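Contents: one structure, followed by commentary.
The values are calculated or read from the model by the stated rules, or taken from the named source; none is laboratory data. No experiment lies behind these values; they were computed from the predicted model shown. Counting neighbours? That spans all protein chains shown, and the Cβs are built from the backbone with ideal geometry, glycine included.
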Amino acid sequence: MPRIKDVDTVAPDDQTTAPVTPKPPKKPVTTPNAPADVAPDIASLSDTVYNIFGHTKHSFSSSLIMPKVFNFTEKDDDETILLALRSHWFTNVPWIISLIVMLFVPTLIGFVPTFSLAFNLKIIITFAWYLITFAYSFEQFLSWYFDVYIVTNHRVIDIDFNNLLDKKFSEADLARIQDVTSRVSGVSQTIFNYGTVLIQTAAEKNQIIFDKVPNPEKIVKVLQDLRHIAEKDSTNGGLE
Amino acid sequence: MLQNIGLYLYLFQKLAVVLGTILYLVFGVIIVKQTSTMTKNINDKFNFVLIAFAYLHLAFSVFLVFLTLVML
């Protein structure tokens with residue numbers, strides 16, 4: 001009677017007609033957006049961030065998780081961006097309202113009968129007004145778009161463009177983070193779930209503030225987890 | 001005499017507006033410079049759009065100076 005040939009039930013010492021080929025080793029489960037050549041530590045770090053934050057929905061999002069395109073000048077070659085944060089979208093609402101009001105100002109002034117100017121001057125002033133309106137809103141958008149807080153596998157970074165040509169760069173190693181706290185105060189922050197994250201560090205700049213960032217509790221959790229991993233790995237030469 | 005005062009006022013007004021538009025043109029250049037600095041520091045998908053907007057704004061600022069010189 002022929003012996004059963006199902007390889008799953010074949011005992012190691014059983015002889016089968018067909019040679020039993022070993023199954024290929026299972027690929028490690030990694031997050032789809034993680035770079036292919038990442039070291040296991042990076043994969044586990046990205047998994048930690050993905051598990052807490054989920055995935056980025058679009059490029060204008062306030063939280064970019066493992067962004068592919070996003071980059072900054074001071075980034076080291078062996079550094080991977082885990083999280084890039086901007087202020088919550090709701091912080092843009094005041095200047096958007098101002099923009100809408102500014103757009104209607106020339107029309108409203110046109111209704112005031114006492115306000116009379118020469119036609120040519122009127123055209124120039126109106127044109128200049130719309131240019132100023134554009135410049136104002138563009139400046140506000142640039143401030144929001146480029147004031148970023150970055151968490152990499154090595155450090156926490158705060159890049160601020162305070163005014164027209166002033167750039168401020170602050171950083172602290174993950175392993176040097178001492179305490180992370182979050183604060184959500186006020187009606188809008190409570191409704192839209194954004195707030196301030198205070199990062200106490202042992203670095204030269206002893207405090208880094210993530211201002212008006214979305215999901216502050218999640219950021220605290222991410223930073224705490226990353227700090228634990230960094231502390232654990234610091235004895236082995238730091239995170240790769 | 002009154003005609004002269006009117007002429008001086010007109011010239012002063014024109015000079016002020018032209019000066020204002022030239023100052024605004026300088027501001028337009030600063031915005032281009034700022035946008036370039038920002039995009040150099042942080043690379044992102046939409047940087048070229050922002051630079052395009054900055055240059056567009058500069059072009060309109062130049063146009064405003066010409067408009068002032070021609071129309072006033």
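Numerical summary
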item: Selection from region A:80-95 of residues that are more than 14 Å from every other protein chain (Cβ to nearest Cβ) and either part of a strand (DSSP E or B) or touching a residue at least 12 places away in the same chain (Cβ under 8 Å) (or both); result: A:80, A:82, A:83, A:87, A:88, A:89, A:90, A:91, A:92, A:95
item: Identity of the residue in region A:186-220, aliphatic (A, V, I, L, M) and in a strand (DSSP E or B), that ends up nearest to residue A:64 (Cα to Cα); result: A:213
item: Check on residue A:179, within 30 Å of residue A:47 (Cβ to Cβ), more than 9 Å from chain B (Cβ to nearest Cβ) and not basic (Lys, Arg); result: yes
item: Residue within region B:32-44 that is more than 7 Å from chain A (Cβ to nearest Cβ) and either of a type in the set (A, V, I, L, M, F, W, C) or at positive phi (or both) present; result: yes
item: Residue B:48 vs. criteria at pLDDT 90 or above, more than 7 Å from chain A (Cβ to nearest Cβ) and more than 30 Å from residue A:160 (Cβ to Cβ); result: no
item: Considering residues of region A:100-149 that are more than 14 Å from chain B (Cβ to nearest Cβ) and modelled with pLDDT of 90 or more only, the residue surrounded by the most Cβ atoms within 10 Å (Cβ to Cβ); result: A:102
item: Criterion violated by residue B:63 - all others in (1) surrounded by 13 or more Cβ atoms within 10 Å (Cβ to Cβ); (2) more than 7 Å from every other protein chain (Cβ to nearest Cβ); (3) closer than 28 Å to residue A:146 by Cα satisfied; result: (3)
